[in-house]
Structure formats: structure tokens, C-alpha cells
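The values are calculated or read from the model by the stated rules, or taken from the named source; none is laboratory data. The structure displayed is predicted, hence computed values, not measured ones. Here the Cβ is made from the backbone with ideal geometry for all residues, glycine too, and neighbour counts use every protein chain on show.
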Amino acid sequence: MQRNRPAGMRDDDADQDYAAAFGMRVRIARLRLGWTCERLAEAADISARAVQLIEQGKANPTLSTLTHIANALQEDLRDLLEQ
């Protein structure tokens, strides 16, 4: 799948932007519920550090982890992945 990106932007730059945007959407959904990183980690069955890295756009979570996060947040995974 080809993502639209500005001319001259490298694939890894685009991936980093995508990860950061996803992480921001996770953070917004978590805060909307009034949850801490630890609460989301418990609900999604992942570590609090993993939540922090994902929210910072510094992690490359598996599809399984993405699904666990979306389910814990009661969000549609497609909405969290939307660019």
C-alpha cells in the first residue's frame, strides 16, 4: 500500500510520522477515558513502557498489540490507524 507523502520524504520518515500520529490518537483516546498509561497497559495486556513507546511513536507494535489496544480503548482499530 502506497501512502501519500511530500516529495523528497524518505520511507522511514513517513513511517516515523505515521507512528507518531497513531501514538497521538492512542494517547487522546486514553486521556478521553481518564486512564493512565498503566491502566491502558493492564487493559490491553501489555507493559506500561510499551504504551509509552507507542504513544511517543517509538515502537512498532504487532497487529495483535494494536488490536488489544483498540479493544481496551473501545475504539475501532481503523479509526486509530487512520492517517
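Details
- Members of the stretch 67-83 that are assigned to a helix (DSSP H, G or I) and either of a type in the set (A, V, I, L, M) or surrounded by fewer than 15 Cβ atoms within 10 Å (Cβ to Cβ) (or both): 67, 69, 70, 71, 72, 73, 77, 78, 79, 80, 81
- Scanning the stretch 14-53 for residues that are of a type in the set (Val, Ile, Thr) and in contact (Cβ under 8 Å) with a residue 40 or more places away in the chain yields one hit, 26.
- Scanning the stretch 25-61 for residues that are modelled with pLDDT of 95 or more and of a type in the set (S, T, N, Q) yields 36, 47, 52, 56.
- Summed over the stretch 30-62, the residues that are part of a loop (DSSP other than H, G, I, E, B) and touching a helix residue (DSSP H, G or I) at 6+ places or on another chain (Cβ under 9 Å) give a count of 12.
- Breaking point among (1) at pLDDT below 95; (2) assigned to a helix (DSSP H, G or I), for residue 9: (2)
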